[in-house]
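K.L.:
Have a look at this one before I ask anything.
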Amino acid sequence: MIKSTLKITVSIGLLVLLAAKLDWREVLARAGPAAWWTLPLTVAIQILIWNLANIRWWLLIRSHTFGHTYGNLLKPTYIGAFFNNLLPSSTGGDLFRIYHIYRQGHGAAVAVSPIVTERVVGLICMVALATVSIFQFSHDTQLFNALRTVLFWLLVCGALGIAIVSFPTTYYSFHGFIERWARFKPVAGLLRITEAAHTYLSRPHILVSLIVISLVMQGMQIVIFLILGAGVEAVLEPTQYIFIVPVILVAASIPVTVGGLGVREAAAITLFTSAGMSQENAAAVSLLFVPVLLLSGLPGLWFFLRMKGHKRFYENATHTDFDKP
């Protein structure tokens, strides 16, 4: 409860700070005319992204031979996508996908590990793109130097972690090292999750598929921002979106606000204006991206409300102790 309150407070605080610095009449004047054609197109692209996310999840789930198909995983994927943008965490909606598997008696590790694996691989791909992108900026300011350092070391640590879990030699050495602390509940949970993750990542075709799908998803996110920028007639080269959007997505993934709200907008305005976009256009683009996420997630709300016993499902998903075996 305290964490949720803090995240809501941070989101509101950042949005208030942004609102105080912007001419919102001008921002709305630029966003309004663009919305009629950019929103339907970008929402359709975002819906395709949710479907790719479902394929990524299904690739991992089917490794356990539970008989789940792409189709019967689609509803929990959309439910998770909807709640990811409403709950005070970028991973809040993933609880519903985890619980969907967990309630069928498959165990916490099996329910959690596919979500953790796809999230980690997706984040590393995002950080890799952002790291390459941030070094394309010539800005030699304290902010950009700090971003370069943080992203570089995130990429190094993430790639090292994937390598350790993927290769049998390094994985079993790592497993044997931390197994001595398995009496502690968090360590035992980590062991169970990494055991399942190793079964996925040790198979090259699965790892390559996850990376390719993640990169395609992020490429489509770049296209969404490019379309929104064209809608407000922002003067920016398409290649600049390739450099900027991955950094925005990494910033939005930091779990300090509700669905990245506030952090995403602050990052977008800062980076787009640094590339030569006007502050009003940058704010309009970031403002238009919010309804893109919400509208594309509406099928998840529909599936959730149509679900039998959806209130009980919500309660159980948000209160289940997934640390139990």
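K.L.:
Please pick out the residue among A35, A111 that is touching a residue at least 40 places away in the same chain (Cβ under 8 Å), more than 15 Å from L293 (Cα to Cα) and surrounded by 15 or more Cβ atoms within 10 Å (Cβ to Cβ).
P.N.:
Result: A111 is the single residue among A35, A111 that is touching a residue at least 40 places away in the same chain (Cβ under 8 Å), more than 15 Å from L293 (Cα to Cα) and surrounded by 15 or more Cβ atoms within 10 Å (Cβ to Cβ).
K.L.:
(1) in a loop (DSSP other than H, G, I, E, B); (2) touching a residue at least 12 places away in the same chain (Cβ under 8 Å): which one isn't true of K308, the others all being true?
P.N.:
The one condition K308 does not meet is (2).
K.L.:
Select from the stretch 1-41 the residues that are within 16 Å of E233 (Cβ to Cβ) and touching a Leu at 6+ places or on another chain (Cβ under 6 Å) and write down the one among them that is modelled with the highest pLDDT.
P.N.:
T38
K.L.:
Which one of the conditions (1) more than 28 Å from T149 (Cα to Cα); (2) touching a residue at least 60 places away in the same chain (Cβ under 8 Å) does L261 fail to meet, given that it meets all the rest?
P.N.:
So L261 meets the others, but not (1).
K.L.:
I've got another one for you. Can you give me the ranges of the helices (runs of 4 or more DSSP H) entirely in the stretch 94-191 with at least 1 residues that are closer than 23 Å to S253 by Cβ and at pLDDT below 90?
P.N.:
Qualifying helices (runs of 4 or more DSSP H): 94-101, 108-134, 142-166.
K.L.:
Continuing with the same structure: In the set I254, I248, I224, I213, which member is part of a loop (DSSP other than H, G, I, E, B), within 16 Å of the chain's Cα centre (by Cα) and either buried (at least 24 other Cβ atoms within 10 Å of the Cβ) or not small (G, A, S) (or both)?
P.N.:
Testing whether each residue is part of a loop (DSSP other than H, G, I, E, B), within 16 Å of the chain's Cα centre (by Cα) and either buried (at least 24 other Cβ atoms within 10 Å of the Cβ) or not small (G, A, S) (or both) leaves just I254.
The values are calculated or read from the model by the stated rules, or taken from the named source; none is laboratory data. Predicted model only: the values in this text are computed from it and were never measured. Cβ atoms come from the backbone with ideal geometry, glycine included; neighbour counts cover every protein chain shown.
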